Amino acid sequence: MCGIVGYVGNDKAINILLKGLSALEYRGYDSAGVSIKVNNGINTVKTKGRIMDLASLIIEEQIDLSGNIGIGHTRWATHGIPSTLNAHPHYTDSVSVVHNGIIENYRELEEFLKKKNIYKKTDTDTEIIALLIDMFLKKFKPKEAFEKAVAKLEGSFSIAAIFKETDTIMLAKKDSPLVIGIGRHATYTASDISALIDHTNKFIFLEDGDIAFIDKENIKILDHSRKSIKREIKTIDWSMESAKKGGYKHFMIKEIAEEAEAVRNTIQSRIDANGNIYLNDEINMDESFLKNIDGITIVACGTSYYAGFSAKTVLEKFTEVPVNVEIASEFRYSEPIFSKHNLFIVISQSGETADTKESLKFAKSKRIKTISIVNVKESAIARMADTCIYTLAGPEISVASTKAFVSQLSVLYMLAFYIGKLKGKKIDKELSMLLKLPGIMEKTFKMTNDRIKTVAEKYHPYKNFLYIGRGLMYPIALEGALKLKEISYIHAEGYPAGEMKHGPIALIDENTPSVIISPDKEPFYSKTLSNAEEIKARSGKIIMLSDKNSDMVDDFIELEEIEYDFSPFIYVIPLQLLAYYIALYLGYDIDQPRNLAKSVTVE
Ligand code: M6R
């Protein structure tokens, strides 16, 4: 999704903006631009395409961008096609604006401006913000003009604006993230801390409704009632190193290789081999409430949803209550019936996903107790839920989520064991298994990496794939299929293996390979082999992931034998690798697949 960077200080803004925008590339975008304040006004350069294209254009056009105050943007089109015209910043002679989010009342505002003979030139909703501010600037000083324009906006937005008349960058935030970075004689802003972690580790996270005025020495924040307010300065310990590729060709493969470590980091300070789980402080809910919950609702999107779905079985087994796992974009508009003592869990890597956030708001409005499982520190969802259990996966840059998935799963398992223990269940065996997992995951990566490369080379020309599994492997089949379609643009369907004969079997022929995911666990293994027979009888090719081979399959991927409940953690690894290597053979942009964004902050 769109990204914002802003700088005011003593250095040349353009270098800081371009570097910050490059750090935001992973979020997905189609155009980029910058505006810099110079002696006689504001200069803007923008283009459709990549930051590299923007940098070349800046050199080509030789426009003066030597100033110390500026804003930059990467755009992911919502209103209007990706084009240079629609790229941000949007500007007039007096002000230049970048914006993330959606201005829902932009049509009304457009009509309002037309009546004053003010017309927009682009297809965007953002230009309206620049035009409104400009209109108010005719009567008011910049700060007042900015406040008045923001007051007219509905929808979600994070906005940064620079002005011809002042050296202050003005910010506004509602339902879309915006942070202020504090440097020495310099102040930064960005939609995402990864744009700034090279410059500072001190951040202020603006709250919904805030307006802020920043210059190189001062930060002034007004809350939603326009009262001056001090927001806490937080120190964030993410290093830039962990957000770099570290010798890997793509972030995705680096992040798959880091999965064992991500799980280790997530569990190691929270459990021990003596059957202890140290989650009390993080969960911060009455033990009696947790013992008496009568239902769990999990809401999330995409891979985070599949993490919830994968953990459902173990959660039900240990909490002994029904667990409903819902897709956030559906849930937020449904009329859910919560059980009397429901526990509501949202899962989100980014902590900014609009649908998940709205679902959380809804649950809170019903006074349901809420827990978020989030990777990005201090993100909106992390702060909004009653309590947050962070996955300690480190920054996940590739759009295709991998290490976040296994980390989310590990938190959900710990939660299951924690509530199970409160209810009197023995969990020592499970905890020691959880502690062994990172080692087994490391081994799985090593065991399967080269084998999957070979399999991917053979199968990358196919246009359709079927992924099937039973029990715990059904959600893993869904996640494997999602990974393949996201980065290789190959059509892939995940299905419960038993459902094959009710429809998808019609797809099977020599051109549609099936990926069968089946650890040797009865009755699933033998039943899934019957599916393999049916596929073979229709000349379908089979790739099988299991700890037990079968002569029926074309390509066998051997996995470690593991306690069945923990199999999702290791079976997902070769599926992520398969998607990665197929996309690699096809020559696609793996970390930034077309049409996708890392954090989906709009509906
Ligand atoms: O940041 P979130 O976990 O809330 O994101 C949810 C989905 O958008 C995300 O998992 C998406 O499906 C990924 N691209 C999957 O690889």
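The values are calculated or read from the model by the stated rules, or taken from the named source; none is laboratory data. Since the structure is predicted, the reported quantities are computational estimates derived from the model, not experimental observations. No Cβ is skipped: glycine too gets one built from the backbone with ideal geometry, and neighbour counts run over all protein chains shown. Side chains included, ligands, DNA and RNA excluded: accessible areas come from the protein's heavy atoms. Shrake-Rupley method; radii C 1.70, N 1.55, O 1.52, S 1.80 Å.
What's the Cα-based Rg to Rh of the stretch 251-586, Rh via Kirkwood?
A ratio of 0.97.
Sorting Ile81, Ile381 by accessible area (1.4 Å probe), largest first, what list results?
Ranked list, largest accessible area first: Ile81, Ile381.
Rg over Rh of the stretch 1-66, using C-alpha atoms and the Kirkwood radius, what does it come to?
Value, to two decimals: 0.94.
In nm, to one decimal, how far is the Glu111 label point from the Glu154 one, both placed 7 Å along Cα→Cβ?
My value for the distance between the label points is 1.1 nm.
Any chance you could get the radius of gyration and Dmax over the Cα atoms of the stretch 361-494, in Å?
18.2, 53
Summarise the accessible area of the chain (1.4 Å probe, protein heavy atoms) by the percent that is carbon and sulfur.
46
Report the gain in length on full extension from Lys548 to Glu330: 0.36 nm times residue separation, minus Cα-Cα distance, nm rounded to one decimal.
That works out to 74.6 nm of additional length.
Quick one: compute the contact order of the chain, relative version, from alpha carbon pairs under 8 angstrom and 6+ residues apart, as a percent.
12
Could you work out the percent of alpha carbon pairs in the stretch 3-238 separated by over 22 Å, rounded to a whole number?
On the way: 12810 of 27730 pairs.
So the pairs more than 22 Å apart make up 46 percent of the total in the stretch 3-238.
For the stretch 63-108, take every pair of Cα atoms, bin their distances at 5 Å starting from 0, and report each bin as a whole percent.
All Cα pairs considered, the percentages come to 5, 16, 24, 28, 15, 7, 4, 1.
For Lys152, give me every one of the aspartates and glutamates with a C-alpha distance below 12 angstrom, ignoring sequence neighbours fewer than eight places off in its own chain.
Partners within reach: Glu104, Glu108, Glu110.
Taking the Cα atoms only, what angle lies between the long axis of helix 428-459 and the longest principal axis of the chain, rounded to 10 degrees?
Relative to the chain, helix 428-459 is tipped by roughly 80 degrees.
Evaluate the charge dipole of the chain about its Cα centre and quote only its size in Debye, nearest 20, assuming +1 on the Cβ of each Lys and Arg and -1 on the Cβ of each Asp and Glu.
Details: 76 positive and 81 negative charges, 263 e Å.
Result for the chain is approximately 1260 debye, rounded to the nearest 20.
Using all alpha carbons of the chain, what is the percent of pairwise distances in each 20 Å bin, ordered from the shortest bin to the longest?
Taking all Cα pairs of the chain, the binned fractions are 20, 49, 27, 4, 0 percent.
Quick one: Cα convex hull volume of the stretch 230-330, Å³ per residue?
Output value, Cα hull per residue: 205 Å³.
Can you tell me the relative contact order of the stretch 251-586? Whole percent, Cα pairs under 8 Å, sequence separation 6 or more.
19
Given a 1.4 Å probe, how much area per residue of the chain is accessible, in Å²?
For the chain, the per-residue accessible area is 39 Å².
Per-residue ellipticity at 222 nm for the chain, helices alone: DSSP H runs ≥ 4 residues times -39500 (n - 2.57), over residue total, nearest 500 deg cm²/dmol?
-11500 deg cm²/dmol
Excluding ligands and nucleic acids, what accessible area in Å² is computed for Asp565 using a 1.4 Å probe, to the nearest 10?
Counting only protein heavy atoms, Asp565 exposes about 20 Å² to solvent.
Report, by chain and number, residues whose modeled amide H sits under 5 Å from the one on Ser514, excluding near sequence neighbours (fewer than 5 apart, same chain).
Residues meeting the amide H criterion: Leu466, Lys541, Ile542, Ile543.
List the trypsin sites (Lys or Arg not before Pro) within the stretch 431-509 that DSSP assigns to loop and that have no more than 16 neighbouring Cβ atoms inside 10 Å.
Lys463
To the nearest 10 square angstrom, what accessible area does Asp294 show with a 1.4 Å probe?
Accessible surface of Asp294 is approximately 60 Å².
Under a point-charge model restricted to the Cβ atoms of Lys and Arg (+1) and Asp and Glu (-1), what is the dipole moment magnitude of the stretch 3-238 relative to its Cα centre, in debye to the nearest 20?
540
State the Cα centre-to-centre distance between the stretch 335-400 and the stretch 465-499 in whole Å.
When both Cα centres are located, 25 Å separates them.
Take every DSSP beta bridge with both residues inside the chain and express the antiparallel ones as a percent of the total, to the nearest 5.
60
Hey, if you put +1 on the Cβ of every Lys and Arg and -1 on every Asp and Glu Cβ in the chain, which of Gly3, Ile542, Pro461 ends up farthest toward the positive end of that dipole?
Value: Gly3.
Could you work out how far helix 126-137 tilts from the main Cα principal axis of the chain, as a 0 to 90 degree angle to the nearest 10?
Tilt of helix 126-137: around 30 degrees.
Taking the DSSP beta bridges in the stretch 251-586 as the whole, what percent of them are antiparallel, to the nearest 5?
Antiparallel bridges make up about 5 percent of those DSSP assigns within the stretch 251-586.
Given charges of +1 on the Cβ of Lys and Arg and -1 on the Cβ of Asp and Glu, with all other atoms neutral, how large is the dipole of the stretch 341-470 about its Cα centre, in debye to the nearest 20? Please list the in-between numbers first.
Numbers: 22 positive and 11 negative charges, 100 e Å.
The dipole of the stretch 341-470 has a size of about 480 debye.
For Glu603, what accessible surface area do you get with a 1.4 Å probe? Give it in Å², rounded to 10.
Only protein atoms counted, so the area is about 120 Å².
Does the stretch 85-163 come out rounded, prolate or oblate by the C-alpha gyration tensor, with a ≥ b ≥ c the root eigenvalues, rounded set by a/c under 1.5 and, if not, prolate when a/b is larger than b/c and oblate if not?
rounded
Can you count the Lys pairs in the stretch 367-471 with C-alpha separation below 21 Å, eight or more apart or on different chains?
Lysine pairs, 8 or more places apart or on different chains, close enough: 17.
Give, as a single signed number, the net charge of other residues whose beta carbon lies under 13 Å from the beta carbon of Asn117, with Lys and Arg counted +1 and Asp and Glu -1.
Neighbourhood net charge equals +2.
Relative to the longest principal axis of the chain, what angle (0 to 90°, nearest 10) does the C-alpha long axis of helix 302-319 take?
In the chain, helix 302-319 runs at an angle near 50 degrees to the longest axis.
Largest first and in whole Å, what are the equivalent-ellipsoid semi-axes of the stretch 1-114 based on the Cα gyration tensor, each being the root of 5 times an eigenvalue?
After scaling each eigenvalue by five and taking roots: 23, 17, 13 Å.
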